[in-house]
Each structure stands twice: as C-alpha cells, then as structure tokens.
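Report on one structure; see the data block that follows.
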Amino acid sequence: MSDEQRIADVIGAHLERSDLEPILFAGAGVSMRAGLPDWKGLLKDLANGIRGASPLMATVMAENIARGKLTKAAEFWGLVDEIPRGERLGRLKSILSAYDAGGLRSLASLPFRACLTTNFDRALLDAFAVARGAAPVDYKLGDRSFSQAVWDRQFYVERVHGCVEDAENIVLSDRQFDALLQNDPYVELLTRAFTNKAVLFLGFSFYDPAIRHVFEVLDKRFGAASLGRHVAIVPRGTNEFLQKAARLNIAVVEYDSAGSHDVLWNAIGDAAKAATRNVKVTAGVTPKLAPLAPTKRYLAACYARAQISSDLTPLSEIVLEGVISAAVQDAAPKALAAHEIGESVRGSIGLRGADITRGIEIALKSLVESGLVRKHKAPGVKGYKFAWAAKTNGGTSLDEAMLALAKHVLDRAYVQEGWRPKDQAVHDVVVAFMENVVQHRGWDLGAAFAANRPPDSVDVPQILFESGGSRLSAFDRERLGRTIDSLFVRPTPEEATILAELGRVSFALELAFQAPRSTLFHRSTLPKKVYLDANVVMPAIIEGHPNQHLYTQAIHRLKDAAAKSGSPCQIIIYYGYLNEITSHRRAALDAAAHAGGEFEAAARSDVLFHGATNVNVFTGAYIRGLETGGTEDFSAFVQRVAPYRLEAELRRYLHDQGFIVVEGVKDPTYVALYSLLERANAKKLVNGKAPILLEHDALQLRLLESDRATGERSLFVTADRRLYDDVSDKAFVHLRDSMISHVGLLQLIDLMVGLNADKRQVGALLWSNTVSDRAQKIRSHLVAEALEQYDAALTMGMHQIVEAHADRIVRELERSRTDLDTQSIRKRVDAFRTLGHLESGFFKNMREAMEKIESERR
C-alpha cells in the first residue's frame, strides 16, 4: 500500500471515532502549507531583522539556530535593546500575517470536532471559515476565555501558545515555555485532550520546540495514553519525535516528505473527499453529546456516593470517591492495589502525583468505612488490596432515579394532557431523554460555573430531538415537550429532590473531568471578601422567601470554613445597593395599595405563573407565607419582615444580621467603569438601567478593582447576567474573574466544603427553566391553576378546556398589550388582574366539568 493510501486510511479511521471526539493538533508544518516559515525560518527572519542594529545578537541567534537551540535563539531576540520592542513585534506580526490559506482547505474540510495548534498565525482560522461556511470560535492563550474552550460544543480553534494579534504574549523562549508549566488552564487543556479525546498530530517535526514542550507537559502531568487512542503523521527521519511519541503511546505513521510533503497533502485531499461523501460539516451547529461521553460510566457511582454521604461532605470528595468506586467495581471480583487504582484515576481524569495519591488514600478509607469496599493483605503485595464488597448502599440507584423521573413525566402527561401513551417509542424517548438531560445539565452547569455566569435554561426541544424525539409525530413531540417543561418549571418535592442530587453530581463530575486539579485540590481559594448584589441580599434577609434558608446556610458554611482555615471571610454589601432594596420595598407596598382588594389574587397568579423566586421578593415571600398558614395582610407582613424604610435603618438592620456595609469611592477608576457601563447600557434597546443603578454597579466594581490591587481574594455575587457581559473592556475584563453568579456561589461552597440545604431549593436553582412560547406559558399556567383548585383525579379532561381557552387568552392579552413579564411591579399587578378577568370563562367551564364528573360518580 502506498504512503498516500495508508495516510488517507489512517485519517479516515481517526475521524470515525465519534465516541472520542476526534480533534486535530496542528504544528508549524501545517502553516508552512500556507506559505509561512517553520520555526527555523521564522527565527532566521527575526535574526536578520535585528542584524543592522545589533549584529552581535543576530550572530548569537544564528549560532543557536544552527545548533538546533531554537528557544534559546528566541530568548536572545527578546533581549535586544537597540530596537524598540514594538518595532520588533511589528516585524514578527508582518512575517506571520503573509500567508495563503487556500492550501489548507482540504484539511479544514475534514470533520474534526476541534483544532488545537501551536501556531500563532490565523491561516487555519481562515481555512476553516471558508471550508465550513462560518468562522470557528477562536480561543488563544492570554485571553480571559482561554479556559472556556473545554466547555465549547461548537467547533473551535485554540492557539495554545499565543496569537499574532497579541504578539507581546506569544510563547517563543525557554523562559516562556517553562512558565506555562504553572498555567493550570493550559495544563488541563492538554491533559483533557490527551485523556478524553482522539488526537491527530499533524505538521510536527524534530525541529519544532513547541511540540517538545507539549510532550514534556503530557509526560510530567499525565504519562502514557492508552494504546490506540492518538496518532501522529510525521515525515521519515524524525527520530527524536518517534521516541517521545512512543513513550506517550502515540501511534506514528511515517511518510516520504520529498516534493514539499505532497504525499501527505494528497492523502489529506483523498480523506477530505471521502469525508465529504459521508458527513456534512457546519461550524454553527452544536453537536450532540457523544453516546459514550467519558463521564457517563462514572455517574452512577458518584450518584450512589451522594446518596449516602453527609450533607456536609464536599462534592469534590464525593466525586473522587465515585470515580474510585467505579474503578474498583469494574475490576470485581478482582482486587486492586492502591497503585492500580491510582493508574485508573490517572487514565480517567488525568491526575497523578502526591495530591491525587493522598486523595485516593482518604477516599479509600471512606469507602472501606461505608462497607462498599473491602481491604485485605495479599501475598507478595506491598500494602493492601481493595475489592468491591458487593453490599447494597441503601440509597436509590441512578437507574431507579431515572426511571422514577420518566414515570413522573408519563403521569404528568396523563394529568395535564389527558394522554396515556400506548406507543413503546414514547416510553423509550422519555427514558432516553432523562439520561441525556442529566448529562447535558451537568455540562451546562459546569460551563456556566467556569464562566462565572448563571446557567441557561434546559434546552428541552434539542435534547428531546437527540433522544429520539424525531421518531414521534409532531403532535406527540409537542405535548411531550410541554409535559417535560412542566417537570422543570414546577417539580413536586419528590421530583425536585431527585433532580437536585442528579444536578449536583453531574455538575461536579463534569467539572472534575474538564478541570480536575482546580476542582479537586484548590481549596485554598476560599475568598476573604464576598460582596452581595441587591438581588442576592434580598432573598437572604427576607423571611419566608423560598431561597432564604438556602442563602443563609451557604453564607454560614462559607464563613465557618474560612474561619477554620485561619482566614476569616467577610460578607459585604455596598451601600448603594441599600437604596435598591428600600426602593423594592416601597414599590411592593405601592403595588399592593394600587391593586387594593385584588392584590392577593393577582399576586398569587403572578407567583404561580413565574414562580416565587422570579417575582418581587416581598410578593414571593408573602404568598409563600400564606400557603404555609400565614394570615396577615401584605402591609403588615412587609412591616414585620422588613422593619426599615430608610437606608440608614436598613444599614443597622443588616449589621445586626452579620453583614458589613461599605461605601464606594468616586475616583478616576470609577469614572472609567461608569463610562464603560454607560456605553454598554446605551446599546440595549429595552430594559436599560437607570443612571443611579449604573452608578451602584460602577462603585461596586471599583471595590473589586481595589481588592485586586492589594492582592485580596474577593468575589462579587450577582444574578445580573448582563453586568458580567458589560465588563468587556480590556482594561477591566479581569474583573470577570472576581464575579460569580448566585448559583455559582452555592456550587462553589458545595464543591469545597459541602452545603447543608433543602435539596428541593437546590434543585430549583440548578434546573431553573423558563418557557419562551407565550401560548405554552398560558397553557401551563391554566393547568397549574386548575390543579391548585381541583384534585388531579377530577381533571382528566382538563386539557380540552385548556386548549379551548389558552389561544383566546393569548389573543386578548396581545390585543390589550398586556405584558405579564413587565419589570414594573405596579404594571405587573395590573397585568395579572387582567389575566384573572380573562380566566373567568376557563374557571366557569372547569367548574361545570367538575360538577358533571362528580354527579356521574354519585
């Protein structure tokens, strides 16, 4: 077989490994195809560029290049003083910007799931943009988003050693390469790719110091990969490359490089033609999760550990114990020595060394004490061996939890839709959906946590499609989607508890696989200061709010853990946010006075429609209080739970609750931050912030910037997703690292020290979902209204009445321009009063139907 055919076959086989998400790792040889120089050529050009001003340094560079010490030559280039650094970098940019990406088109058309490259230029980005019809997501070392690539499901290119656009920070010298060893996102990126993906190395050679460094990192932090996972295509004669690849279990395919590597590129062209016949590649399409995603086999073990662990057990410990117990179970009935378990952990999450060894010892001790693992001495073995004890753990298994949720969905379909599916395909789709949605949610929660933003809603239609929903009729798919939506929007206590455990475990497991070292071992990162936004403070201090206990428990856990670590944590509120809290209070009282006797009914309807955590905090707490036996009117309730009218009174109240209130400083940094937020706010067509709110945010961010300058670890907790997006200016984008969502704070505490909180409240936050379709929201609301008033057994025909009235109500709301989602509390009350009037016909029909059913029963 010719080299060309052999290479084409190897590439084709690599791309078929969809279970491992095949990725391309491209070196300098790929850019050479676009007309750019290799490492030697680049450094020679740089040496020639300084020769006129610094002939001695140019000569030293040339000597090092001749001896193959390319990174040493780059070190000397960085030391040239005779030419301004900006001018030297301009020369580097000029060299790397002159290319023709057309030669890479066949490579770019291959259906890789992602591309990593040690190259600095944009040739691959341009080639992929043309081949795929859309520009790939661009990640590069030095950007704040660099570590987010591991969470991206779209096709992306990641330039792991820097980019020509930011030439100041590209990695050329030994010193810069050595610094990368301390860069956790960089190390974890390489480890994740080497652990969980199938990597095709292309364009590397003996002369490429970048791949030498990559191999050094992989060897030190990970070690050899499993056989058959990765492959490198290299020209013959790259002996040192072959040795390093063999050490790491990378299969090597050699070819004759004569004729400008024509054999290689012809083979790539053949593989591209074959791939085009089988796969349509589109950059903008989000691929489904692989059916054998690496975390799936560990989810059951981690869920089992969570079921029997204390509420105060950190999630990081639960996940490590789950991964270890999965390894011991897989080996049963054979027993494993500690070092064999360590090797299994290394192969799954990519960790080895003293930290993980100690972690395994602690986890095994816990597993033995719980009776799940048995340890014993074995002849000729140093230390103990560990075997699965084959005892039940007393908790609900993952399969049982999934089947329970699937049954709940089918029961809901009967109650809400009057539909009891007879087709086995519907049952199969529901079960598959529950398995897939847990995995998706873990990924989404991990991605949001890593990006310091609140998680998005569950994408029910997409996951339903991936779970075989396309096999169902459009009508069945639509009503199944509505039923599943209701599971996440209004779960029962039992459903919320199951969802909470599944959400916690799947999140922590995904995070451990994507960023294992920082997830499992960076416990020293407890903050010294935690600032709370008004939208976080209010639920925490208002008695009766659904999330009050959750937030207060989280704050107490954080403060206790920080105190035990010897570094107390302060919970701080910027003074300006007190104005927002008192304004919120006044607005709630004003809305109640405006509605008069209709306030309670409108408020109940608002809470039922949006959920108690998505309305005015005083309204949500009040209605919840009424549901649990409260009898006082709204004004008396507010006076009791919020005994303050002025900011000075609120300040004293917060101080008594253990919070610290601080002032802000209006200095040039504040002015720059306010200007940044003002520009971002001006671009918003709707729901822009008032100037006073921008001022509060700018002063809060100024406090974060001050802490950063003094080296204090601080976090700002906010549920305001837009504020995070608005801090995009290069001068302040680093502040995003100190911002975290309200959900993220709870996840952080749960990971690091454990969270003793109501599982239903945790589940509601982790699976928080919104329905965008107005008609569907009205249908869901009418169903909830009916179930509030009538027993489920009496409402089997409810769906017909709902369908008859939902569209009419939507049309009337649109005709009257009634906005049920308005941010104005007074307008919100008016909107739900209008909805109540429109619902009168629905309740009349429901009452008649119920009376008929009851009379027939008699």
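The values are calculated or read from the model by the stated rules, or taken from the named source; none is laboratory data. Note that the structure is predicted; figures quoted are calculated from it, not measured. Please note: Cβ atoms are built from the backbone with ideal geometry, for glycine as well, and neighbour counts cover all protein chains shown. Remember, those area values only see protein heavy atoms, side chains included, never the ligands or the DNA or RNA. Shrake-Rupley method; radii C 1.70, N 1.55, O 1.52, S 1.80 Å.
If only residues of segment 708-725 that are more than 19 Å from the chain's Cα centre (by Cα) and not in a loop (DSSP other than H, G, I, E, B) are counted, the one that is nearest to GLN570 (Cα to Cα) is SER714. Summed over segment 627-650, the residues that are more than 12 Å from LEU589 (Cα to Cα) and not small (Gly, Ala, Ser) give a count of 12. Residues satisfying the criterion are present in segment 479-486 (criterion: within 22 Å of ARG760 (Cβ to Cβ), crowded, with 21+ Cβ neighbours inside 10 Å and charged (D, E, K, R)).
Look at segment 452-473: where a residue is closer than 26 Å to HIS734 by Cα and a partner is open to solvent by 70 Å² or more (accessible area, probe 1.4 Å) and not in a loop (DSSP other than H, G, I, E, B), sitting 6+ places away or on another chain with Cβ atoms under 9 Å, you get ASN452/ASP737; ARG453/ARG721; ARG453/ASP725; PRO454/ARG721.
Among the residues of segment 1-13, those identified as open to solvent by 10 Å² or more (accessible area, probe 1.4 Å), within 34 Å of the chain's Cα centre (by Cα) and in contact (Cβ under 8 Å) with a residue 12 or more places away in the chain are VAL10, GLY12.
The C-beta contact set for segment 38-59 (first residue within 19 Å of ALA210 (Cα to Cα), second residue among the hydroxyl-bearing types (Ser, Thr, Tyr) and open to solvent by 50 Å² or more (accessible area, probe 1.4 Å), distance under 7 angstrom, 6+ apart or interchain) comprises ASP38/TYR207; TRP39/TYR207; LYS40/TYR207. Show the residue pairs that are 6+ apart or on different chains and have beta-carbon atoms under 6 Å apart, the first residue being within segment 406-429 and at pLDDT 90 or above, the second being open to solvent by less than 70 Å² (accessible area, probe 1.4 Å) and among the small types (Gly, Ala, Ser). What qualifies is VAL429/SER467; VAL429/GLY468; VAL429/GLY469.
Say whether the condition of being of a type in the set (S, T, N, Q), out of contact with any strand residue (DSSP E or B) (no Cβ under 7 Å at 6 or more places or on another chain) and farther than 25 Å from GLY322 by Cβ is met by at least one residue in segment 554-566. Within segment 554-566, one or more residues are of a type in the set (S, T, N, Q), out of contact with any strand residue (DSSP E or B) (no Cβ under 7 Å at 6 or more places or on another chain) and farther than 25 Å from GLY322 by Cβ. Annotation note: of ARG679, ARG736, the sole residue that is out of contact with any Ser or Thr (no Cβ under 6 Å at 6 or more places or on another chain), loosely packed, with under 15 Cβ neighbours inside 10 Å and either modelled with pLDDT of 95 or more or in a helix (DSSP H, G or I) (or both) is ARG679.
Taken over segment 640-652, the criterion of being within 15 Å of GLY576 (Cα to Cα), touching a residue at least 12 places away in the same chain (Cβ under 8 Å) and in a helix (DSSP H, G or I) is satisfied by GLU647, LEU650, ARG651.
Looking at segment 532-542, can you tell me whether even one residue there is open to solvent by 50 Å² or more (accessible area, probe 1.4 Å), assigned to a helix (DSSP H, G or I) and free of Cβ contacts under 8 Å to residues at least 24 places away in the same chain? The answer is no; no qualifying residue exists.
Of everything listed in (1) hydrophobic (A, V, I, L, M, F, W, C); (2) assigned to a helix (DSSP H, G or I); (3) under 30 Å from ARG85 (Cα atoms), the single unmet condition for PHE241 is (3). Among residues of segment 283-308 that are at pLDDT 85 or above, those with a Cβ under 7 angstrom from a residue that is in a helix (DSSP H, G or I) and open to solvent by 60 Å² or more (accessible area, probe 1.4 Å), sequence gap 6+ or separate chain, pair up as ALA301/GLN329. Residues in segment 698-728 that are open to solvent by less than 10 Å² (accessible area, probe 1.4 Å) and among the charged types (D, E, K, R): ASP707 alone. Looking at segment 379-388, is at least one residue within 29 Å of GLN439 (Cβ to Cβ), without any contact (Cβ under 8 Å) to a residue 40 or more places away in the chain and either open to solvent by less than 50 Å² (accessible area, probe 1.4 Å) or within 30 Å of the chain's Cα centre (by Cα) (or both)? No. For segment 66-82, a residue qualifies if it is hydrophobic (A, V, I, L, M, F, W, C) and either open to solvent by 30 Å² or more (accessible area, probe 1.4 Å) or touching a Ser or Thr at 6+ places or on another chain (Cβ under 7 Å) (or both), and the qualifying residues are ALA66, ALA74, PHE76, LEU79, VAL80.
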